[in-house]
Amino acid sequence: MSSPQVLGPYLTLVVFLIAAFAAVSREFWLARGFDKAYPLGRVSLAVPIAVFGAEHMTSAHQIMKLVPAWMPGKLFWTYFIGAALIAAGLSFIFRVGIRLSATLLGFMFFCFVAMMDLPGAIAGPHNRIAWALLARESAFGAGAILLAITSAKRKPTPAENLAAAGARYLIALVSTFYGIEQFLHPECVPAIPLEKVTPVWIPWAHFWTVLTGVVMVVGGAAMLVRNASRQAAAALGAWVVLLVVSLYLAIMIAKPDIEGLNYFADTLMFGGVLLVASGAHHAPIHHRH
């Protein structure tokens, strides 16, 4: 924790969690039923992207190595993306220019998919992590696009409705894919099936991953059914956020390093994507000011 590379992102997490709670609590309690998914999903996107932005600032020389070799100005883009992520997090929490910031965020994630994740998956077709990352960035991009469409105070256009439907279907497919991956790799932490193995001190470690696999396969399939889509997305999002505030929080507290923080933020953001997908079924939303 004495290292700026660790302290900066953790401090950002704490500050943005406090800001999110203060800014959204009234909106959350005033909302009814599934309408609560919108503010909860919005801040579940805001906090992680701010944390990732802080990591870009404090670990720029490490992160710049991920920038494609053909791009000039690698360090500039690293700092620029970091500042943009923090600005987007503030935008989401305080509801300032959400439509613009969410649209740009979605575009950024799909650029990551096209420039890094898809080439990586094609280069290593048998590398399950490459495909998991491709799915993750695609879901993040789809969630941001849904947030942009939902934040409008007017009736969505036919093109926006089509984009929203496509984004929801993409999130549903990613959820189903992740669920299947968790059946194949029950030793790994649940929700986003990357490399980290669930610590042995977690009670019934494999059980939570397999159970999450069941939830995500069933919920992802239900999201493809029009009449059940909203309820399924809300249930999936609630389950993933519950995992974050229990299992992932415990892992992060036990070993407060960047890896634990990244898994916490990654999974919280995926939960936010699912909650936004649930809240996006009744746009437009008229916010109280």
Practice task
Give the residue, chosen from PRO186, PRO193, PRO156, that is under 18 Å from THR267 (Cβ atoms), modelled with pLDDT under 95 and in contact with a helix residue (DSSP H, G or I) (Cβ under 7 Å, 6 or more places away or on another chain).
Solution key: PRO193
Fill in the blank from the handout: Result of the Cβ filter at 7 Å on the stretch 6-31, keeping first residues that are assigned to a helix (DSSP H, G or I) and partners that are of a type in the set (Phe, Trp, Tyr), at least 6 apart or interchain, is ALA23/PHE94
Handout entry: the stretch 58-74, residues that are touching a helix residue (DSSP H, G or I) at 6+ places or on another chain (Cβ under 6 Å) and either buried (at least 18 other Cβ atoms within 10 Å of the Cβ) or among the hydrophobic types (A, V, I, L, M, F, W, C) (or both)
Key = THR58, SER59, ALA60, ILE63, MET64, VAL67
Handout entry: Residue that is nearest to GLY237 (Cα to Cα), among those in the stretch 184-210 that are loosely packed, with under 10 Cβ neighbours inside 10 Å and without any contact (Cβ under 8 Å) to a residue 12 or more places away in the chain
Key = PRO203
Exercise for the section: Please specify each residue of the stretch 162-175 satisfying the condition of being surrounded by fewer than 18 Cβ atoms within 10 Å (Cβ to Cβ) and either within 19 Å of GLN231 (Cα to Cα) or of a type in the set (Gly, Ala, Ser) (or both). Expected result: ALA165, GLY166, TYR169
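Listed here are the residues, each with its yes/no results for (1) at pLDDT 95 or above; (2) closer than 17 Å to LEU274 by Cβ.
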site: PHE94; (1), (2): no, no
site: PHE110; (1), (2): yes, no
site: ASP117; (1), (2): yes, no
site: ALA121; (1), (2): yes, no
site: LEU134; (1), (2): yes, no
site: ALA164; (1), (2): no, yes
site: LEU173; (1), (2): yes, yes
Completion exercise
Flagged in the stretch 32-57 as surrounded by fewer than 19 Cβ atoms within 10 Å (Cβ to Cβ) and of a type in the set (A, V, I, L, M, F, W, C), in numbering order, are PHE34
Exercise for the section: Please verify whether the stretch 246-258 includes one or more residues that are hydroxyl-bearing (Ser, Thr, Tyr), in contact with a Ser or Thr (Cβ under 6 Å, 6 or more places away or on another chain) and in a helix (DSSP H, G or I). Expected result: yes
Handout entry: 2 or more residues within 25 Å of MET252 (Cα to Cα) and small (Gly, Ala, Ser): qualifying helices (runs of 4 or more DSSP H) within the stretch 117-213
Key = 128-150, 158-184
Practice task
Say whether the condition of being closer than 29 Å to THR150 by Cα, among the aliphatic types (A, V, I, L, M) and touching a Ser or Thr at 6+ places or on another chain (Cβ under 6 Å) is met by at least one residue in the stretch 36-44.
Solution key: yes
Fill in the blank from the handout: Filtering the stretch 223-235 down to residues that are farther than 20 Å from LEU40 by Cα and either touching a residue at least 40 places away in the same chain (Cβ under 8 Å) or among the aromatic types (Phe, Trp, Tyr) (or both) yields LEU224
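The values are calculated or read from the model by the stated rules, or taken from the named source; none is laboratory data. Since this is a predicted model, take the numbers as computed values, not measurements. Note that each Cβ is placed from the backbone with ideal geometry, even for glycine, and that neighbours are counted across all protein chains shown.
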